[in-house]
Every structure is written in structure tokens, then in C-alpha cells.
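**Student:** This structure is in C-alpha cells; I'll ask about it shortly.
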Amino acid sequence: MARKDIPIDNEESNGGFERILLFLIPIIFTIVMVGVLLTLFNVNVRNGVLDVANKIPIVKDWIPDPKLTPEEQKLKDIKDQEESDEATIQKLKKQLEEKEQSLKEMSEQKTAEETKANQLETQIEDMQNQSAASVEEPAEDPYIEQIRDLAKMYANMSPSKAAPIMQNLTTEEMVLMLSEMKSSKRVAILEKMDPKIAADATMILKEAKSTEDLAIAAQKSRDKKDKEKEKDTLKTTDNLDKAQLSKTFSQMAPDKAADLLLQTYKISQSKAITILNTVDDGTRAQILNAMSTKSPEQAAKILNRLMGSK
């Protein structure tokens, strides 16, 4: 009757505790037996068994560490130290490998960045070249180009031949050509020039600015010289030469020519005598004959001058 009054929960709890005891009793018994056996066996065997037991999970928590002799403890310490050193070495190797891998990645990244930078620089240069090519460069002044060709020609000549030719140029033209020559060629030609001309050219070279400025000065000097030459030419062409004078008076009537020469003689005796000297003998005789009719005294003086001039 008493058993019937026990609650069902208590029965289940007692059953669980009994199962735990059934599991623990063999373990406890084994531990006790191992302790007894270890006590009976020698130290080496006991230590061996303890080493094995210490490697078993859960059991190692209940088994004491083996007792070692000083020598065994020393060997164990050495072995543990070696294992610790080996573990440290392996750890350091791993860290070193990680660092090397990191450096390799950084190096590859740097190389990739440098390659990209070079590519960008190349693109920029190409763009600049294309931009420069698209802008048409101004053509060189034909006058300067011609001067450079002439300077090269004079430089290739011997200084003794080039110097006299260049001295016939204007000073500005000469300086412009000398400025386009190498220093050695320039010095050699200056040595062969007239000292005063060489000195003037040297002073202008010393104060010379750009080639364009020298070219402008050379062109101005050439224009000035051409105008002076043209003026001299016009002045020369204003006066008739002897052949023209002879032809003119030969074609005139003797009395008309006589009148004109008598008037000319009053203004310039030398010019009247020059005209009579340019005509042929027949024409001169006819003119003198007409003069003697118009003014015998003047005709005699002119004849006397003609004879004296001969």
C-alpha cells in the first residue's frame, strides 16, 4: 500500500540517478584499480601508464601527472622547449610567409600603378603631340631662309674669298650672315676683312638680338642702298652720253645747232666744246660755218678752244 503512495515523478528521478550510478561505478572502480596497480608497479611503468591516461579525454582530468626523476624532468623540459621553439619557428615562418605575400602583393600593386601611370603619361604625350600637330606652325620667313643658305655657302668658301665678297654687302646684311655661321667660320672670315669693317661688324654682333631683328635691319639697309643706287642711276640717265649728243646735233640743221651752241657757250664753255668734240668732222664743219656767219668773234674763240683741247 505504501508503494502506491509514491509519486510518479520521484520514481522517474530515482531511476535516472540509478543509471548515473551504474555509469560511474565502473569508472570509479577502474580509477581505484589503476591507482592500486600504479602503486604496485615501478615508477617507469607507472609513468608510462599515466602518460597514456593523460592523453585520454575526460580521464586525463582525473589522472595525476607522472612523477619524473630529475634527469627525466630535464629531458622533458628540453623536449618541451624544443616543441615550444619549433612551434615558435613555425609561427614565425607563417608570419614571414604572410609578410612576404603582403610585400609581393604590394609590389604587384605598385608595378600595376606604375604601368598605369606610364600609360597615362603616354596618352598625355600623344594628346599633346596631336594638339601641336593640329596647330599649323608659321612658315619661316623666306628672306631668313635665303640668308641662311647664303651664310652656309660663304662658310663653305675659303675665308680669303668670302671676306671680300661679304664686304660689298651692307653692314647689317654682313652681320646677319655672320650670325648664322659657326664661331670658327665667323672668326676666320673676320680676320680676312678690312679691320674697320670687321670692327664695325663685331660691335653690331656683340649687341645683336634675335635673328628676326637682324633680318629687319638688313632688309632696311638693303632697301636704303637700292634707293640710293636707283637715285644715282636716274641722275646718270638724266645726262646724255657722247653718242647721244653726237646723234642729236648731227640730225639738227647747222644754223639751229649753231644758235644752240652759241647760247650754251655763254653758259658753259666746256659743255659747248664737249658737244662739238662728239660730232663727226662734217657736222662740226657745218656748225662752225653757221657760227661764223652769226657771230664770227664767238666762232673764232670756239675754234681756238677746239684746237687747244686737241
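Bear in mind that the values in this text are calculations on the coordinates, not laboratory data. Everything numeric here is computed off the predicted structure, so don't read it as measured data. So basically every Cβ, Gly included, is an ideal-geometry build from the backbone, and we count neighbours across all protein chains shown.
**Student:** Find how much the distance from SER183 to LYS229 grows on full extension, using 0.36 nm per residue of separation minus their present alpha carbon separation; answer in nm with one decimal.
**Tutor:** 13.2 nm
**Student:** Can you give the FRET efficiency to the nearest 0.05 for THR111 and LYS79, using r as the Cβ-Cβ distance and R₀ = 41 Å?
**Tutor:** The value I calculate is 0.30.
**Student:** While we're here: Which whole-Hz ³J(HN,Hα) couplings does the range 164-173 yield from phi under the Karplus relation 6.51 cos²θ - 1.76 cosθ + 1.60, θ = phi - 60°, glycine and proline marked x?
**Tutor:** Along the range 164-173, the couplings run x, 5, 5, 5, 7, 7, 5, 4, 5, 5 Hz.
**Student:** Can you find, among MET291, ALA253, SER270, the residue sitting farthest towards the positive end of the charge dipole of the range 252-307, where Lys and Arg contribute +1 and Asp and Glu -1 at Cβ?
**Tutor:** Farthest towards the positive pole: SER270.
**Student:** Please give the contour-minus-distance gain from ALA285 to SER210: 0.36 nm per residue of separation, less the Cα-Cα distance, rounded to one decimal in nm.
**Tutor:** Stretched out fully, the ALA285 to SER210 stretch lengthens by 20.1 nm.
**Student:** With Cβ to Cβ distances under 10 Å as the rule, what net charge do the other residues near ALA163 carry (K, R +1; D, E -1)?
**Tutor:** For residues surrounding ALA163, the net value is 0.
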